[in-house]
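In what follows, a structure is listed as structure tokens, so that the remarks can point back to it.
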Amino acid sequence: MAEKITTRRKILTTGATDGIGLALAKRLSAKHDLILTGRKPAHPDLPAGTIYVQADQSNPIACSVTILSALQNAGWNRLDNAILNAGTGYATGNGFDTPDIIRATLDVNLAANIALAHALFPLLTKAKGTLSFVGSVAHKGSPLFPAYAASKAGLDALARALRSEWKGRVSVQIIHPGPTDTDMQAKANYDPGKMRRIFIKPEIMAEMMEYAIAGQKSPVTLSFARRATFGFWKGREL
């Protein structure tokens, strides 16, 4: 059987220093050219050969300017895939988020992604590329994470609107991962207890996300049920 030939694509992934973003970067780095971003300094586990730029989405405009400059400095005049994965969340026990938490959550999860989508549109258009927003199953509502759920609901609406507006020029999709076994829960001051045992491993979630991105459908929910039938629906790679 002839060996499959994969064309190297130019891919931007935000939130790549840990969790799903890091696992996805490791999957894609052998086959594609990657520029990775994150709020923190470069992680020692980032794949070799990738370009990393530190960009904090809590300042949406400055973040989009920094990332766009990094793409230009790398000589990228087109973009095949932009995977906007960075996110933050905070747990609350009473359903009331503080004003600071609301501001931070909406800036990182929604406003920065709006700014980035607009900044990246010309590069994506040149390649007829794919813009992939990473949402959450919490977009339908989550009592412990009200501001987080609201931000992901807004992101879902944004993806639906841009998918219609940019049809034929840029493929837009939103992927909603289910509970994943990362350190996000600890950062959010939330202990899932025994439920963590059934959380999806980030490596498995990254594999499912790769196939979902390649398929370009939207919206896509990557839940426990999806994992159970994964062997039947997978088949595309970036």
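The values are calculated or read from the model by the stated rules, or taken from the named source; none is laboratory data. Not measured: the values here are computed from a predicted model. Positions of Cβ are generated from backbone atoms using ideal geometry, with glycine treated the same way; all protein chains shown enter the neighbour counts. Keep in mind that these areas ignore ligands, DNA and RNA; they rest on the heavy atoms of the full protein, side chains included. Shrake-Rupley method; radii C 1.70, N 1.55, O 1.52, S 1.80 Å.
Report yes if residue 30 is assigned to a helix (DSSP H, G or I), without any contact (Cβ under 8 Å) to a residue 40 or more places away in the chain and among the small types (Gly, Ala, Ser), otherwise no.
Working: assigned to a helix (DSSP H, G or I): no; without any contact (Cβ under 8 Å) to a residue 40 or more places away in the chain: yes; among the small types (Gly, Ala, Ser): yes.
When the stated conditions are applied, residue 30 does not pass them.
Restricting the stretch 158-170 to residues that are more than 15 Å from the chain's Cα centre (by Cα) and touching a residue at least 40 places away in the same chain (Cβ under 8 Å), which is farthest from residue 122 (Cα to Cα)? Steps first, answer last, please.
Narrowing the stretch 158-170 to residues more than 15 Å from the chain's Cα centre (by Cα): 160-170.
Right, trim to touching a residue at least 40 places away in the same chain (Cβ under 8 Å) and you get 160, 162-163, 166, 169-170.
On the way: 160: 19, 162: 14, 163: 15, 166: 11, 169: 10, 170: 9 Å.
Among those residues, the one meeting the criterion is 160.
Yes or no, residue by residue, for (1) on the phi > 0 side of the Ramachandran plot; (2) in contact with an Asp or Glu (Cβ under 9 Å, 6 or more places away or on another chain); (3) modelled with pLDDT of 90 or more; (4) not charged (D, E, K, R):
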site	(1), (2), (3), (4)
178	no, no, no, yes
181	no, no, no, no
189	yes, no, no, yes
209	no, no, yes, yes
220	no, no, yes, yes
228	no, no, no, yes
233	no, no, no, yes
236	no, yes, no, no
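Open to solvent by 50 Å² or more (accessible area, probe 1.4 Å), under 25 Å from residue 201 (Cα atoms) and either out of contact with any helix residue (DSSP H, G or I) (no Cβ under 6 Å at 6 or more places or on another chain) or not hydrophobic (A, V, I, L, M, F, W, C) (or both) - does that describe any residue in the stretch 119-138?
Yes, the stretch 119-138 contains at least one residue that is open to solvent by 50 Å² or more (accessible area, probe 1.4 Å), under 25 Å from residue 201 (Cα atoms) and either out of contact with any helix residue (DSSP H, G or I) (no Cβ under 6 Å at 6 or more places or on another chain) or not hydrophobic (A, V, I, L, M, F, W, C) (or both).
Return the total of residues in the stretch 63-122 being of a type in the set (Ser, Thr, Tyr) and in contact with a Lys or Arg (Cβ under 8 Å, 6 or more places away or on another chain).
Pass one, the stretch 63-122, residues of a type in the set (Ser, Thr, Tyr): 64, 66, 69, 88, 90, 92, 98, 105.
Then keep just the ones that are in contact with a Lys or Arg (Cβ under 8 Å, 6 or more places away or on another chain); that gives 88.
Adding up the residues that qualify gives 1.
Given the structure, is residue 16 touching a residue at least 60 places away in the same chain (Cβ under 8 Å) and in a loop (DSSP other than H, G, I, E, B)?
Numbers: touching a residue at least 60 places away in the same chain (Cβ under 8 Å): yes; in a loop (DSSP other than H, G, I, E, B): yes.
Answer is yes for this residue.
So, residue 195, is that one outside any strand (DSSP E or B) and either within 17 Å of residue 23 (Cβ to Cβ) or at pLDDT 90 or above (or both) or not? Spell out the reasoning first.
Numbers: outside any strand (DSSP E or B): yes; either within 17 Å of residue 23 (Cβ to Cβ) or at pLDDT 90 or above (or both): no.
No: the conditions fail for residue 195.
Could you tell me which of the residues 86, 112 is small (Gly, Ala, Ser), surrounded by 24 or more Cβ atoms within 10 Å (Cβ to Cβ), within 18 Å of residue 38 (Cα to Cα) and touching a Pro at 6+ places or on another chain (Cβ under 7 Å)? Full working, then the answer.
Numbers: 86 fails: touching a Pro at 6+ places or on another chain (Cβ under 7 Å).
Exactly one residue qualifies, and that residue is 112.
Mind telling me which of the residues 18, 80, 45, 97 ends up being under 23 Å from residue 149 (Cα atoms) and either in contact with a helix residue (DSSP H, G or I) (Cβ under 8 Å, 6 or more places away or on another chain) or buried (at least 22 other Cβ atoms within 10 Å of the Cβ) (or both)? Outline the logic, then answer.
On the way: 18 fails: either in contact with a helix residue (DSSP H, G or I) (Cβ under 8 Å, 6 or more places away or on another chain) or buried (at least 22 other Cβ atoms within 10 Å of the Cβ) (or both); 80 fails: under 23 Å from residue 149 (Cα atoms); 45 fails: under 23 Å from residue 149 (Cα atoms).
Going through 18, 80, 45, 97 in turn, the sole match is 97.
Take residue 42 and tell me if it is without any contact (Cβ under 8 Å) to a residue 40 or more places away in the chain, outside any loop (DSSP other than H, G, I, E, B) and among the small types (Gly, Ala, Ser). Steps first, answer last, please.
On the way: without any contact (Cβ under 8 Å) to a residue 40 or more places away in the chain: yes; outside any loop (DSSP other than H, G, I, E, B): no; among the small types (Gly, Ala, Ser): yes.
In short, no.
Collect the residues in the stretch 108-149 that are assigned to a helix (DSSP H, G or I), small (Gly, Ala, Ser) and either modelled with pLDDT of 95 or more or under 22 Å from residue 216 (Cβ atoms) (or both), keeping them in residue-number order.
First, the residues of the stretch 108-149 that are assigned to a helix (DSSP H, G or I): 108-127, 137-140, 146-149.
Filter once more, keeping what is small (Gly, Ala, Ser): 111-112, 115, 117, 119, 127, 138, 147, 149.
Within the stretch 108-149, 111, 112, 115, 117, 119, 127 meet the criteria.
Please find, among 92, 105, the residue that is outside any helix (DSSP H, G or I), open to solvent by less than 30 Å² (accessible area, probe 1.4 Å), on the phi < 0 side of the Ramachandran plot and hydroxyl-bearing (Ser, Thr, Tyr).
Numbers: 105 fails: outside any helix (DSSP H, G or I).
One residue alone meets the criteria, 92.
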